[in-house]
Amino acid sequence: MPEPVSRHPNDGWILADPLPMRPSTHRAFLAIIAALLPPEPVLPGILEQVDDTTRRLLRYMHPLMSLGFCVMLHLLDWSPIWRLRSWRRIRSLAPSRGSEILGGLAHSRFAPIRLLLMGAKGAILSTYFDLPAVHEALHHDPRPFMRGRIALRQRLLAGGAPTEADLIGPGPGGKP
Amino acid sequence: MILRFGDYSREATFDADVVVVGTGAGGAVVGAELAEAGLNVAFVEEGGWHDTASFNPYMTESIPRLYRDAGVAAILGTPNIPFVEGRCVGGSTVVNGAMTWRTPEDVLDGWFKSTGASELSPHGMEPYFERVETAISAKHHLDLAIGGDARIMVQGARKMGWKVEVNRRNQDTCVGTNNCVLGCPTGAKQSTLVAYMPRAMKAGARCLTEVRIEELIIENGRCVGVKGRAIDPRTRKASTPVTVRARAVVVACGAVQTPVLLEKHKVGRPSGLCGKNFTCHPNVKVMALYPFEVRSWQGMSQYAQIREFHDEGIVLAENFIPPGLLAAHLPFHGKEAWELMQQYDNIVLSGALVEDSTTGTVRRGPMGMAVPRYDITVQDHARFKKGARLLAEMHFAMGAKRVFLPFSNLPWIDKVDDLKRIEETQKKRNTLELFTVHMMGTACMGSDAQRSVIDLNGQIWDLPGCYVADASIFPTAVGVNPQVTIMAMATRIGERLAATLAKA
């Protein structure tokens, strides 16, 4: 049995396969991921991990939503052209230039244009900031704390008394 | 007995006294009541059964397991409102903040007046609230579960001179892992997965998981079962047909999915209200960056609520979310997103919930997709701006160095004086960024078939044998977290249905 709060819980659940995408859609997707991810830190294989994980999540959406997501990728890919910022699609631009052009969509007066970016950014960044390598680079690891709290609860349920050390910081814990 | 995708033979057919569609705050409660009354109950749940030991703090694994549509859904309107709902055994109770507010007395008085049913009055509902609160262990927390973000909110409210009320939550010895939205890994949260489903299963109920119900079986004008298909876990496509025949059907899929199922059969015709009267308690998020560590990921969700502005329909509270979810809401990407997320331990997320002043609709769209529609009013717009401004003032008073606002054209400010820019810049509703988790009212209960979808027993007026027991039955919005109201109403419906079936 894996330790409590580990990734990949062994409860028989099968994570869906990645949603297949047409090659052109997939190229657009990879280019948009590259444009939206932070350039630093450089983490090996991170683009592929974001791609794989996000396409698995797409499987869980309503088919019309995942289809809409794919259409949105093409609209974003073509955005430098329809916004008259470049004659090339995002896939043909350097990620830094793509990032700059996509960033401009956030300030559009038109809500549907802002939504285009919001949808892609939400899916890609939420996946990225959940990956183990990124948590490590952020020095964020909630597992030791959570395991300690699980043990604390078992101790309390067994009749143990709480101590001052059980309060949650930073600073003096307890009632405000 | 718990069944999963691999357990369904080519065409699986089951018989039961009652089939309950959904296992959230409504379905699990009504099913447990019926099973303990000696009836043969079969639950059908679209999601899977995930035990406490399987919960972890990782959203890319938890969101597809526990949330409908991987948490990607929106109410259309001005502005669009993203929403989430649970899809697992336990439903949204597995992923909610565990608030246990009773329905306010003025709301129940209104229901009593509009229906003439004294059972819906505060006095009539009292025994059901008591039963539910005992079952889910609704009480105050141990001090050791209080986290840094809760202390900032309470101290901030006191500094501003605002009234704060500590929440009672459905928990037993909560120790503050602050993983409420991805499933409580300690088992302290008394979701229906923990508090009700084991009772139902012990009383002999069956739970058919990973099955999406697509239609009701109607024979001679009476509902006698449901038909659906098991979902292939690898492709997420509907595959093996599953049929459950029963003496009664209880639909408890939530206020968005329930009307979609009912509309397929065009029920609710006398009043035409099925899918209408939709309310959703929209809220805005305000995020504050502090110059010191807060570590919001330790503690609990919503230790207290600021209720100073409750008379104006505004409630303020803190609400932690894990890094992946937080990143989805940042006004940045690339380098700026990374720089902000490096200060994740210094961030406090808070929200302002606004009571509905209008209603929307939920319609059945192409391929059975739910299409909710809701437009906020001018009055709501003003209240959202006020709620965001109040939270920002409080965060600056507590020392925040930057506050992120829910406005697409004013995403953050760095000093309290900049708050005046809210009025200058926020003229249109579509620059507001909203969110919701409290959907209600789309199959409302009443005593008159011309003004409601279900009768006082929970039965659909024009479809005998089919009952509804979830947030869709609320005649009006409740103005508080709806979990306990749903559970109390479901207890009442379960009790009455058990008596009806016993007589039959």
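Data for the structure
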{"quantity": "Residue in segment A:143-158 that is over 19 Å from B:Y303 (Cα atoms), more than 8 Å from every other protein chain (Cβ to nearest Cβ), touching a residue at least 12 places away in the same chain (Cβ under 8 Å) and outside any loop (DSSP other than H, G, I, E, B) present", "calculated": "yes"}
{"quantity": "Selected residue (criterion: surrounded by the fewest Cβ atoms within 10 Å (Cβ to Cβ)) from residues of segment B:157-186 that are on the phi > 0 side of the Ramachandran plot and more than 8 Å from every other protein chain (Cβ to nearest Cβ)", "calculated": "B:G161"}
{"quantity": "Scan of segment B:281-313 for residues that are touching a strand residue (DSSP E or B) at 6+ places or on another chain (Cβ under 6 Å), of a type in the set (A, V, I, L, M, F, W, C) and over 27 Å from B:Y58 (Cα atoms), ordered by number", "calculated": "B:I306"}
{"quantity": "Residue within segment B:325-334 that is in contact with a Leu (Cβ under 8 Å, 6 or more places away or on another chain), within 23 Å of B:A397 (Cα to Cα) and assigned to a loop (DSSP other than H, G, I, E, B) present", "calculated": "yes"}
{"quantity": "Qualifying position, being in contact with a Phe, Trp or Tyr (Cβ under 7 Å, 6 or more places away or on another chain) and within 24 Å of B:V294 (Cβ to Cβ), among B:I152, B:I146, B:I81", "calculated": "B:I146"}
{"quantity": "Single residue of B:L349, B:L391 found to be part of a helix (DSSP H, G or I) and closer than 24 Å to B:M99 by Cα", "calculated": "B:L391"}
{"quantity": "Residues satisfying the stated conditions in segment A:92-103, i.e. assigned to a helix (DSSP H, G or I) and exposed (fewer than 15 other Cβ atoms within 10 Å of the Cβ)", "calculated": "A:S92, A:S96"}
{"quantity": "Residue ID - farthest from the chain's Cα centre (by Cα), chosen from residues in segment B:478-489 that are farther than 14 Å from B:P127 by Cβ and outside any loop (DSSP other than H, G, I, E, B)", "calculated": "B:T485"}
{"quantity": "Inter-residue pairs, beta-carbon under 8 Å, first outside any strand (DSSP E or B) and in segment B:358-378, second among the acidic types (D, E), 6+ apart", "calculated": "B:T358/B:D375; B:T358/B:D380; B:G368/B:E214"}
{"quantity": "Sole residue being among the basic types (K, R), without any contact (Cβ under 8 Å) to a residue 60 or more places away in the chain, assigned by TED's automatic domain parsing to the domain that holds B:D51 and on the phi > 0 side of the Ramachandran plot, chosen from B:K227, B:K266", "calculated": "B:K266"}
{"quantity": "Where A:T163 falls short, out of the listed (1) within 9 Å of chain B (Cβ to nearest Cβ); (2) under 17 Å from the mean Cα position of the chain (by Cα)", "calculated": "(2)"}
{"quantity": "Out of B:A246, B:A317, B:A230, B:A288, sole residue that is among the small types (G, A, S), in a strand (DSSP E or B), touching a His at 6+ places or on another chain (Cβ under 6 Å) and surrounded by 22 or more Cβ atoms within 10 Å (Cβ to Cβ)", "calculated": "B:A288"}
{"quantity": "Failed item in (1) outside any strand (DSSP E or B); (2) within 14 Å of another protein chain (Cβ to nearest Cβ), with B:S239 passing the rest", "calculated": "(1)"}
{"quantity": "Considering residues of segment B:39-75 that are more than 11 Å from every other protein chain (Cβ to nearest Cβ) and either without any contact (Cβ under 8 Å) to a residue 24 or more places away in the chain or not charged (D, E, K, R) (or both) only, the residue nearest to B:T500 (Cα to Cα)", "calculated": "B:L39"}
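Residues are listed down the side, and each one gets a yes or a no for (1) assigned by TED's automatic domain parsing to the domain that holds B:M160; (2) surrounded by 18 or more Cβ atoms within 10 Å (Cβ to Cβ); (3) in contact with an Asp or Glu (Cβ under 8 Å, 6 or more places away or on another chain); (4) at pLDDT below 95:
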| position | (1), (2), (3), (4) |
| --- | --- |
| B:M367 | no, no, no, yes |
| B:K385 | yes, yes, yes, no |
| B:K401 | yes, no, yes, no |
| B:K415 | yes, no, no, no |
| B:D448 | no, no, no, yes |
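Listed here are the residues, each with its yes/no results for (1) surrounded by fewer than 22 Cβ atoms within 10 Å (Cβ to Cβ); (2) more than 14 Å from chain A (Cβ to nearest Cβ); (3) not in a loop (DSSP other than H, G, I, E, B).
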site	(1), (2), (3)
B:V89	no, no, no
B:T103	no, yes, no
B:H123	yes, yes, yes
B:V132	no, yes, yes
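This table checks each residue for (1) without any contact (Cβ under 8 Å) to a residue 60 or more places away in the chain; (2) within 23 Å of B:N409 (Cβ to Cβ); (3) within 9 Å of another protein chain (Cβ to nearest Cβ).
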position: A:P95; (1), (2), (3): no, no, yes
position: A:R109; (1), (2), (3): yes, yes, yes
position: A:A133; (1), (2), (3): no, no, no
position: A:D141; (1), (2), (3): yes, no, no
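The values are calculated or read from the model by the stated rules, or taken from the named source; none is laboratory data. Just so it is clear, the model here is predicted, and its values are computed rather than measured. All Cβ positions, even for glycine, are placed from backbone atoms using ideal geometry, and neighbour counts span all protein chains on display.
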